[in-house]
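Notes to accompany the following structure.
The values are calculated or read from the model by the stated rules, or taken from the named source; none is laboratory data. What you are looking at is a predicted structure, and each value in this text was computed from that prediction instead of being measured. Note that we place each Cβ from the backbone using ideal geometry, even for glycine, and neighbour counts take in every protein chain shown.
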Amino acid sequence: MGYASDYFNGKICSFTGYRSYKLNESLSWGGNDIGDIYTALNGLLIEKIKAGFSIFQCGMALGADTIFAEEIIRLRDNYPYIQLTAVIPCPHQEERWRESEKEQYYNLLRLSDIVTYTSTNYFNGCMQVRNRYLVDNCDELIAIYDGKKGGSDFTVKYAIKKNKKVTIIDPKNCFELTLLN
């Protein structure tokens, strides 16, 4: 078990990653399954906690964001001082999701320490506003990403442009790669 006095210095780690369909596609190409992502992410998050990260934030989309939020919540058993911040692009982002997905989302929001909205309503580009917020308000970015175009690609490139350290878990092989220190 870790104690806040051992590690805490308030560093912030943000997260980006693929939506469910893209994550499953990448996993299948590498012969991995979702459990491999949980395992790789868990080990990396413990390293980050021991390195002084105590605030973890993600955009709460379906897929990798959900996995990240679940892992942070699980890790609170051993590191009760870590915090989860849900960074939501707009109210009602879950409006068109299936009921089971909404239920999981509402549960994760309930277990989040902070819920913040980066826009007051949906508009074309509100997801990018959320992604920039995640990068602008962190010390380091973790990404589940293998180079495909989309929101994670935008966020990783933006983080590099902003001189943020980026650690990538490639879903095809579940290995870590640090892009920028």
Checklist entry - Looking at TYR81, is it under 22 Å from GLY10 (Cα atoms), part of a helix (DSSP H, G or I) and of a type in the set (Ser, Thr, Tyr)? => result no
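So which of PHE154, PHE68 is outside any loop (DSSP other than H, G, I, E, B), closer than 29 Å to LYS50 by Cβ and among the aromatic types (Phe, Trp, Tyr)?
PHE68
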Checklist outcome for this item: By residue number, the members of region 99-150 that are in a strand (DSSP E or B), of a type in the set (Val, Ile, Thr) and crowded, with 21+ Cβ neighbours inside 10 Å are ILE142, ILE144
Checklist entry - What pairs come up if the first residue lies in region 38-59 and is within 16 Å of LYS165 (Cβ to Cβ), the second is at pLDDT below 95 and assigned to a loop (DSSP other than H, G, I, E, B), and their beta carbons are under 8 Å apart, counting only those six or more places apart or on different chains? => result ILE49/GLY2; LYS50/GLY2; GLY52/PHE8; GLY52/ASN9; GLY52/GLY10; ILE55/GLY10
Next on the checklist: Anything in region 122-150 that is at negative phi and without any contact (Cβ under 8 Å) to a residue 24 or more places away in the chain? List them, or say none.
Outcome noted: ASN124, LYS149
